[in-house]
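Structure, as structure tokens:
Read-outs throughout are calculated quantities, based only on the coordinates presented, and are distinct from any laboratory measurement. This structure is a prediction, so every number in the text was calculated from the model and none was measured. Because the Cβ atoms are built from the backbone with ideal geometry, glycine has one as well, and the counts that use them run over all protein chains shown.
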Amino acid sequence: MRSVLALIVVATLICLAGPAAAQPVGQFPFALTREGQMLGGVEGEVAFFKGLAYATPPVGPLRWRPPEATVESSEMRTAYEYAAPCLQPSLPSAREDCLTLNVFRPFGVDGPLPVMMFIHDGAFVGGTANDPQFDGARLAQAGLIVVTVNYRLGVLGWLSHPALSEGGSGNYGLMDQVAALRWVHDNIAAFGGDPGNVTLFGNGAGATSIALLMLCGEARDLFQKAILQSLAGRVRLRSRQEAEAFGLQFVATLGQDGTDPRGSAPARLLAAERKLLAKSPHGFAPAIDGGLVTEDIAAGFAAGHESRIPLIIGANDDETGFDSEPGIAEALASSGATPEQLRKLYPDLATPSDLAAQVYTDKVFSEPVRLLARLHVATGAPTFRYRFAYVPEARRANPEGGHGRELQFIFGAEGVPGAGILSRRDREVASRMRGYWINFAKGGDPNGPDLPHWDAAADRDRLLLIANDRIASGDDPFAERLDRLADESRK
């Protein structure tokens, strides 16, 4: 930590300098926001500002309420360290006071720069923007502002209950994301960013959130491009009645006296959440509330209700992960195909477990992604579809669990928890994939010099295949089996 004397000197210089857009003062980058003067840090060529509050802490009477704007201030605050992650069973350090974001930008580079805002996965009950895998430095080095966001999770993010209806019951996590977008719109220029060139990107639950934000009127003008990674696009959202019934079940599990759960301690909430998630793994998630969320994603895209913005959308060749077991069983049961028919569709898969994993990947991710790409193309918006089938060389002997694998290649993280060391070939693929994302964020087209051409998903089902042996555009080689799954989904 810097000395008190150094901070006093820097504060004096900041006041003399006046308002600025992420101006460096000595070795201390700072930005003037409505919440005060933010003093960041520098590592290499990248400045960072961590733990910035984008809303008032949702604690006490603000629990299960829409996020409220922070108080204006002229104070100077340091932003060297991540704030606490949002409350969740798996992280002891998590807290309710968690509505924060992190900003990464190239140090000493003038703006306005394109902005990429990342929304993390975690099945709506876990995860954090503070994960070292999501360090935005590698992306920022290319001349971008990168923002990573924490939002309310689990019971605190998605509880619907009759006693909470005066604040817009449920979908608090999505409200948080809208509030973070508004904060970026209002403040990112202070960091050298362009509020008129914002790209949302995320995978899994993050991609579901972004698709809902594309359908949300409150968020429509707050971002201009989107990247949907591993989106379960045909998922059926719960109705308000179903969500409130689940909320009543939670209160019963909580053992709360009366009907209002707002007085319970966080530890008690988490204990009840664990019990309920063991029975209903996807119980805490977005629901149709008639305001922020009015329809399922596929229905909204089919009706052309989404923002007609440039879109990258895709899935991984293997989408299994730590929480995919219930989904695998459900996908097999609802596939509508006999074991013999499945073996014909997947002749190269020898074991039942491999077959089950591929049916799950195709039914939950690959086919719905193709559907949404087709529907978005029909609006006239530029659309680029991909399939990520690359496996890091060190993992090819045991490649299971591919959900989220693309994130290491986009962020370039190595040697941190959850991210191994990449080989030379891995880094080449990562550099190209990161290049596509960067180009898209800058101008709405992923193509650029030294990158294999990525055909837009226009009349035909074109996609970019990122495989172990090549990166190339072409027609979908698995169209036949996806057609079969699409036919079953329409029944």
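What is the set of long-range amide H partners of Tyr386 at a cut-off below 5 Å, with H atoms built 1.01 Å from backbone N?
Ile313, Gly314, Ala315, Leu464
Can you give the translational diffusion coefficient of the chain in µm²/s, computed by Stokes-Einstein from the Kirkwood radius over Cα pairs at 20 °C and 1.002 mPa s? Provide the component values of the computation, followed by the final result.
Details: Rh = 23.3 Å.
Roughly 92 µm²/s, to the nearest whole number.
Report the equivalent ellipsoid semi-axes for segment 226-377 in whole Å, largest first, defined as the square roots of five times the eigenvalues of the gyration tensor built from alpha carbon atoms. Before the final figure, lay out each step's value.
Values: eigenvalues 216, 105, 33 Å².
Here the semi-axes work out to 33, 23, 13 Å.
Taking H placed 1.01 Å from N in the peptide plane, check which residues at least 5 places from Ala472 or on another chain put their amide H under 5 Å from its amide H.
When sequence neighbours closer than 5 places are left aside, the close amide H contacts are Leu465, Ala467.
Taking the number of other C-beta atoms within 10 Å as the exposure measure, put Val235, Val42 in order starting with the fewest. Don't skip to the end; give the middle numbers.
Numbers: Val235 17, Val42 14.
Ordered from fewest to most neighbouring Cβ atoms within 10 Å, Val235, Val42 come out as Val42, Val235.
What's the extension gain from Ala458 to Gln241 if we count 0.36 nm per residue and subtract their Cα-Cα distance?
On the way: separation 217, 0.36 × 217 = 78.12 nm, distance 3.92 nm.
My answer for the length gained is 74.2 nm.
Karplus couplings for segment 60-74 from phi (6.51 cos²θ - 1.76 cosθ + 1.60, θ = phi - 60°), rounded to Hz, Gly and Pro as x?
Computed from phi, the couplings for segment 60-74 are x, x, 8, 5, 6, 10, x, x, 10, 4, 6, 7, 5, 8, 10 Hz.
At 0.36 nm per residue, minus the direct Cα-Cα distance, what do Asn398 and Arg470 gain on full extension? Give it in nm, one decimal, please.
23.9 nm
Tell me, what is the percent relative contact order of the chain, built from C-alpha pairs under 8 Å that lie six or more residues apart?
Values: 985 pairs, mean separation 62.8, N = 491.
Relative contact order, the chain: 13 percent.
Once you have the Cα-Cα distance between Thr294 and Leu62, take 0.36 nm times their residue separation minus that, and quote the gain in nm to one decimal.
Values: separation 232, 0.36 × 232 = 83.52 nm, distance 2.44 nm.
Fully extending the segment from Thr294 to Leu62 adds 81.1 nm.
Which order do the peptides 292-298, 86-92 take when ranked by the mean count of other beta-carbon atoms within 10 Å per residue, highest first? Intermediate results must be reported in sequence, preceding the final value.
Values: 292-298: 20.0, 86-92: 17.6.
Result, highest mean first: 292-298, 86-92.
Using a ≥ b ≥ c from the Cα gyration tensor of segment 396-491 (square roots of the eigenvalues), is it rounded, prolate or oblate, where a/c under 1.5 gives rounded and otherwise the larger of a/b and b/c decides, a/b for prolate?
Oblate.
If we count other beta carbons within 10 Å of each Cβ, what is the order of Leu277, Leu200, Leu212, Leu159, fewest first?
Details: Leu277 18, Leu200 31, Leu212 23, Leu159 26.
Ascending Cβ contact count within 10 Å gives the list Leu277, Leu212, Leu159, Leu200.
Pull up all non-local amide H partners of Arg238: gap of 5 or more, or a different chain, and H-to-H distance under 5 Å with H placed in the peptide plane.
Hits under the 5 Å cutoff: Ile288.
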